[in-house]
1. Per the Kirkwood formula on distinct C-alpha pairs, the Rh of region A:1-45 is how many angstrom?
2. Go through B:138/B:196; A:278/B:141; A:278/B:71; A:274/B:36 and tell me which ones have a Cα-Cα distance over 31 Å in this structure.
3. Radius of gyration and Dmax for chain B's Cα atoms, expressed in Å?
4. I want the local charge near residue A:233. Using Cβ-Cβ distances under 14 Å, sum +1 for each Lys or Arg and -1 for each Asp or Glu among the other residues.
5. Between residue B:197 and residue B:391, what length in nm is gained on full extension when 0.36 nm per residue of separation is reduced by their alpha carbon distance?
6. Using the beta-carbon distance between residue A:352 and residue B:226 and R0 = 35 Å, what value does 1/(1 + (r/R0)^6) give for FRET efficiency, to the nearest 0.05?
7. Set the Förster radius R0 to 41 Å, insert the Cβ-Cβ distance between residue A:387 and residue A:317 as r into 1/(1 + (r/R0)^6), and round the FRET efficiency to 0.05.
8. Assign unit charges at the C-beta atoms only (+1 for Lys and Arg, -1 for Asp and Glu), then state the dipole size of chain A relative to its Cα centre in Debye, rounded to the nearest 20.
Amino acid sequence: MSDLPLDGVRVVDLSWIIAGPTATRFMAAMGAEVIKVGSGRRPDPSTRGPAFQAYNQSKLYCALNISSPEGLELVKQLIAVSDVVIENFAVGVIDRLGLSYEAASAARPDIIMVSSSGTGHFGPHKDYVAYGSLLQHYTGWNSISGNPGGEPVPGGLWADPWVGMELAMVTAAALNNRALTGQGQYIDFSMAEALTAGIPGAILDYQMNHRVPEPMGNRDARYAPHGVYHCVGADRWVAIAVTNDEEWQSLCAVIQRPDLAVDPRFDNADGRRKHQEKLDAAITQWTSLLEDHEATRRLQETGVPSGPSLDICRVFNESQLREVGYINQIQTRDGELRELPGLPWRFEGGEEPIFTEAPILGQHNEYVYQELLGLSEHETNRLVEEQIIY
Amino acid sequence: MVAGLLPGVRILDVGQGISAPYCAKILAQMGAEVIKVEPLEGDEARRMGPFPSDSPHPEKSGLFLAMNANKYGVSLDLASPDGAEAFKGLAAGADIVVENPPPGSLEAHGLGYETLKTINPGLIFTSVTPFGNRGPYKYFKATDLVLYHMSGHAHGLLGAVENPDSNPPIRAGGHQAELVGGMAAATATLMALYRKRITGKGCRIDISSFEAMVNQLISGLANCAYGRPAPPRDARKVEEAAAAGMVSAIGGILPCNDGYVAISPREDVQWERWLGVMDNPAWATEERYSTRDARQKNSPALWKLLSEWSSNYSKHEIARWGQEQRIPCFPVNTVLDLFNDDQLAHREFFVEIEHPAAGALKYPGAAYKFSNTGLPLAARPAPLLGEHNESILEKLE
């Protein structure tokens, strides 16, 4: 018996690619028994390469041909002894497989079934083929990101990981309700709506002022100075955000510009915003002689919000992530000790989350089919021969 | 009255700005009773805007209204003995307290977790701060801009550029780092609440918005763990990387006569169908565009040809033609388009709430629908400052 929040919760994970596996990774690390059910014929793209070690940590992995009648029967038996089933196939696929909510709840009446798709499971465009990067454009999310007047930005990787966390959140909400009422749920999740929900300011600005908000680069509608400033080295920058007059005074002191500190034009944010190009030049004079972490250290010492603009490998090496234990060492099957990501929260005084290496397809067949579902070894072997279990 | 998923759960939202209030907003729309506790001068989000006609007004800030709909509101001076007493009274009857102060400031008023748990041992106490209550950056000050840049996201947002030293990394609009911190807080808090239902145990949860942002890029971190380099920002290096087979997805935006369309016909079958949408142009049979690898290598020239075609049509036309052929393809929308979108309208995504000062406005609703339980998404507007002082605080006596 562990002290982790999702101890005793079993999840049948039919999801693939990024969003679904991200959700079940959170659950697995927090104590749920996550059983990833995979197909040998249509392998999950997230099971390739290093990313697999991120998306599928701490899970069990069994192989099953669920499009065969016996395979379908087995997955229903598995659902019957589970609490949650999660999938993110294109709309309609799960029904065609014979695993609609109706079928799942027949196997287990209080099952919580989470279904995520690009635009949701009903509506005129429910069948639209979607990738996360394209949904960022469709939902207006990218419309407020970019340089003013520039082309729309590609947008980086946002939709799938954002949805992944939200799927874990809605599952936890449904588990709470089931604990209270004994009732399960079918959850229809729209990735597009999750992204649109992430730009409330722009949506309200449009209604209040009849204007379509434009991207502002690193600038802010309210604060100034607000941007990134070149430091020593190629493509090295420090981000600085002055959010009040006190921080402005501190900034002037750090960059040794007492003249700016007493200039009445810069007394308040409105004035500083009006003259921000001039102020940006003055700040760059100072930052361009410093290494980005050193500039950050000096700014933070006097209370100016700031930090280096890092690429992912420099993030990976940040002392903060290492000293707080966000990065964990895990022995992987290639015999190496790998430094892999953890969770963004700590339950103080609680048990440590579970981090084990990502499994390979079929690794937990014996546990799932024999121990959990009670099949004999003989029966399992027959199913393997008939390619129902891979 | 719609009950939601969390009937009887009471939450105190002591947060300001976005991160902690967003966590409490999510819990409110799941059906918890959320009491927002503001200082006498009000939550700083009341000063953030957007405002009607750009005129600041504490009851008309768009971000405040969006983050605090469906909550009750009281105002308290936590530094005064009476205020602190009232807060303790509220905390005694709460399941969850959510805060996002600089490290230790609620503790400075004698109202930290250690104090509150003596009054309410089962309390769940969630703190959201830029770097958490831990590590060398514990006392660093950070904003959305700083967190977006420090966590590696800014380097990916813009894609490759011709000269990285004159075209710096930029942040995404809309306070994404704050929102992710709030979403992480809601996720962890709901997991803790589930444990509390089973075991009766409360706990303190420490959320780092920095780690929540970094955690959005776990595939990139895993690549680093296997010694792979970061994707380059320099366009010349991207071409080398493409030649070495490192970039795998064909996709991007095309200019239209009214904006842009985003397409990604990356699989061979999708590409075949895409050519059909374009009426099978003659250049498509050329060797340099005939395979996925070839298209990848020659993508700048290819994109030019695609753009010449797309500029003749509207973004909605092209998106419709593409989707009819099952090609991943969407219009590049602005917020204006969202209000005209059939799918969002059909799913009743936006919820209208009437506010006594700001009037009727449409807010983004929830991205999820629960088959067996309705959600109270429009139960009440964001509270006026101190609106429920009388009804809530006087009940404590």
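1. 11.1
2. With Cα atoms farther than 31 Å apart: A:278/B:71; A:274/B:36.
3. Computed over the Cα atoms of chain B, radius of gyration and Dmax are 25.2, 82 Å.
4. Within the 14 Å Cβ shell, the charges total -4.
5. My answer for the length gained is 67.0 nm.
6. Plugging the Cβ-Cβ distance into 1/(1 + (r/R0)^6) gives 0.90.
7. 0.35
8. 700
Just so you know, all these numbers are worked out from the coordinates, no wet-lab data involved. The structure presented is a predicted model; accordingly, all values stated were derived computationally and were not measured. Don't worry about glycine lacking a Cβ; one is built from the backbone with ideal geometry, like all the others, and counts go over all protein chains shown.
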